[in-house]
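First comes the structure, then the notes that go with it.
The values are calculated or read from the model by the stated rules, or taken from the named source; none is laboratory data. What you see is a predicted model, and the numbers here were worked out from it, not measured in a lab. Every residue, glycine as well, gets a Cβ built from its backbone with ideal geometry; the counts of neighbours run over all protein chains shown.
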Amino acid sequence: MNAPQSAARLAPADPPDALGAALAEAVDRYVSRRPTSERLQREAAEVLPGGNTRSVLFFPPFPPYMAGGEGCRLTDVDGHVYLDALGEFTAGLFGHSDPVIRDAVERALRGGLNLSSHTPGEAALAREIRARIPSIERLRFTNSGTEANLLALAAAVAHTGRRTVLVFEGAYHGGVLSFPAGAPAKVNVPHVFAVAPYNDLDAARAALEPHRGDVAAILVEPMLGSGGCIPGDPSFLHGLRELADAHGALLVLDEVMTSRLSYGGRQALLGLHPDLTTLGKYFGGGMSIGAFGGRADVIDRFDPRRADALAHAGTFNNNVLTMAAGLAGLQQVLTREALDALNARGERLRARLGEVFARHGVALQATGLGSLSNLHSTDRPIRCAADLAGLDPRIKDLLFFDLLERGVWMARRGFMALSLPFGDAELETLVSAFDEVVGARRGLLPAAR
């Protein structure tokens, strides 16, 4: 068994520098206070590659192992309590213990699992989703946002008889649909992809020109989520609608993350009408879910009453726990007022963080929309993935470990997603932690321009 990665290896050895030394010390403190997590990681690595089965959760030297959660707080196996500013990468919108959802799940359990047929739950949840997002005339459920995007592209290819899909640098549409700047991920599914810079409509037009007559779909997030919470310009997104029409292609709007930005998703705020929309994350009330839907003439190709129906299997597409939890969450918890208040709180958070960074004279910023934000170690404008090139990742690493030490849990890459239990008091706690950390580390952080 290999020994855990030494914290010292995270710091550059030649030549030594203050930022690297500070990061190494922060990691050493992290390791020394989490012996149980370290042991569990070592044991997990005997049966899971790197002790991991979900890539985004791992970071060196090892992640904390969580023992439980309540509201917007988490407790790890070593007894540390954290303010959860990560919100399960947007899936934890309802927090960790909403009583309405818990009651719905318990009722579903008493009714029996794996019922081997249709149940009333799937149509009820589908109606609730359609009522919120009118562009979704029909929909089908899947088990994740990844599956939803895969099925949406499959539907587009089948409907158009074409193969090419336009995507954007920095986009993430699932584990096999990832397009980091530089080159697509090696495990991507083998569609014919044309790739263009985000927020650049002229580049999108140019990328499609060689594929004229073969464009099946334009797949886009209205805000790059995993790519750094970079909002799409309204003119860019509406331009893609026009570009899809010009090529006879389908506009597929990935709202797996951004659907929470308003009662009707980001598309409602923009007045944008996609052909297909993909969903996931919180729509299952904390259970696994995905959905793809949109124009009836496209989704009805999956109607099993048709002789030429497209097949779409999935043992757990309509599992009773997801249907029950999702319906309870949407009907009883996630009201328009609650969602608007949460997104307003996220806007206040970014404004307050901007004030902290300006007061300390550091080149940091939090991008995003509503309740979704991402920290970046630059004060330059950020409109696409290329604008993040060349940044020193150790800056965010140091802030991440410093914030962990003060009881704040977020993604190491700087991502934050607020949950409904995350109130004004929690916002003040988070801003104070940032203020303390940035003030303490000011000499190691890039200076504002």
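Restricting the stretch 68-97 to residues that are small (Gly, Ala, Ser) and in a strand (DSSP E or B) leaves a set whose member that is nearest to residue 326 (Cα to Cα) is 69. When residue 248 is tested against (1) out of contact with any Leu (no Cβ under 8 Å at 6 or more places or on another chain); (2) within 23 Å of residue 90 (Cβ to Cβ), only condition (2) is not met. Please indicate, with yes or no, whether at least one residue in the stretch 411-427 is acidic (Asp, Glu), part of a helix (DSSP H, G or I), in contact with a helix residue (DSSP H, G or I) (Cβ under 8 Å, 6 or more places away or on another chain) and closer than 23 Å to residue 338 by Cβ. Among the residues of the stretch 411-427, at least one is acidic (Asp, Glu), part of a helix (DSSP H, G or I), in contact with a helix residue (DSSP H, G or I) (Cβ under 8 Å, 6 or more places away or on another chain) and closer than 23 Å to residue 338 by Cβ, which makes the answer yes.
Looking only at residues in the stretch 65-79 that are surrounded by 19 or more Cβ atoms within 10 Å (Cβ to Cβ) and touching a residue at least 60 places away in the same chain (Cβ under 8 Å), the one that is nearest to residue 281 (Cα to Cα) is 72. I'm trying to understand the selection: among the residues of the stretch 343-383, which are surrounded by 14 or more Cβ atoms within 10 Å (Cβ to Cβ) and closer than 19 Å to residue 268 by Cβ? Result: 343, 346, 347, 368, 369, 370, 371, 372. Each residue in the stretch 253-307 was checked for being hydroxyl-bearing (Ser, Thr, Tyr) and more than 16 Å from residue 225 (Cβ to Cβ), and 2 of them qualify. Taking the criterion of being in contact with a Phe, Trp or Tyr (Cβ under 8 Å, 6 or more places away or on another chain) and either at pLDDT below 95 or under 15 Å from residue 181 (Cβ atoms) (or both), the residues of the stretch 375-384 that qualify are 383, 384.
The set of residues in the stretch 216-229 that are over 12 Å from the mean Cα position of the chain (by Cα) and assigned to a strand (DSSP E or B) comprises 216, 217, 218, 219, 220. Note on the stretch 188-210: residues that are farther than 18 Å from residue 222 by Cβ, more than 24 Å from the chain's Cα centre (by Cα) and free of Cβ contacts under 8 Å to residues at least 40 places away in the same chain total 6. Scanning the stretch 310-320 for any residue that is in contact with a helix residue (DSSP H, G or I) (Cβ under 6 Å, 6 or more places away or on another chain), at pLDDT 95 or above, outside any helix (DSSP H, G or I) and hydrophobic (A, V, I, L, M, F, W, C) turns up at least one such residue. Against the criterion of being in a loop (DSSP other than H, G, I, E, B) and modelled with pLDDT of 95 or more, residue 117 qualifies. When every residue of the stretch 374-383 is checked against the conditions, none turns out to be under 23 Å from residue 342 (Cβ atoms), part of a helix (DSSP H, G or I) and of a type in the set (A, V, I, L, M, F, W, C).
Of the residues making up the stretch 91-139, those that are farther than 17 Å from residue 316 by Cα, in contact (Cβ under 8 Å) with a residue 60 or more places away in the chain and hydroxyl-bearing (Ser, Thr, Tyr) number 1.
Residue 385 passes every criterion in (1) over 22 Å from residue 33 (Cα atoms); (2) out of contact with any Asp or Glu (no Cβ under 6 Å at 6 or more places or on another chain) apart from (2). The listed residues are 340, 397, 387, and the only one of them that is closer than 29 Å to residue 264 by Cα, out of contact with any Cys (no Cβ under 9 Å at 6 or more places or on another chain) and at pLDDT 95 or above turns out to be 340. Evaluation of residue 323 against the conditions (1) within 20 Å of the chain's Cα centre (by Cα); (2) outside any loop (DSSP other than H, G, I, E, B); (3) crowded, with 20+ Cβ neighbours inside 10 Å shows that the sole unmet condition is (1). Note on the stretch 90-100: residues that are in contact with a helix residue (DSSP H, G or I) (Cβ under 7 Å, 6 or more places away or on another chain) and under 30 Å from residue 227 (Cβ atoms) amount to 5. Criterion applied to 125, 139 was being under 14 Å from residue 256 (Cβ atoms) and buried (at least 20 other Cβ atoms within 10 Å of the Cβ), and the one residue passing it is 139. Taken over the stretch 1-28, the criterion of being modelled with pLDDT of 95 or more and surrounded by 15 or more Cβ atoms within 10 Å (Cβ to Cβ) is satisfied by 19, 20, 22, 23, 24, 25, 26, 27, 28. Output yes when any residue across the stretch 240-252 is farther than 24 Å from residue 158 by Cα, touching a residue at least 24 places away in the same chain (Cβ under 8 Å) and of a type in the set (A, V, I, L, M), and no when none is. Within the stretch 240-252 (the criterion being farther than 24 Å from residue 158 by Cα, touching a residue at least 24 places away in the same chain (Cβ under 8 Å) and of a type in the set (A, V, I, L, M)), the answer is no, since none of the residues qualifies.
Only a single criterion out of (1) of a type outside the set (D, E, K, R); (2) in contact with a helix residue (DSSP H, G or I) (Cβ under 9 Å, 6 or more places away or on another chain); (3) not in a helix (DSSP H, G or I) is not satisfied by residue 187, namely (2).
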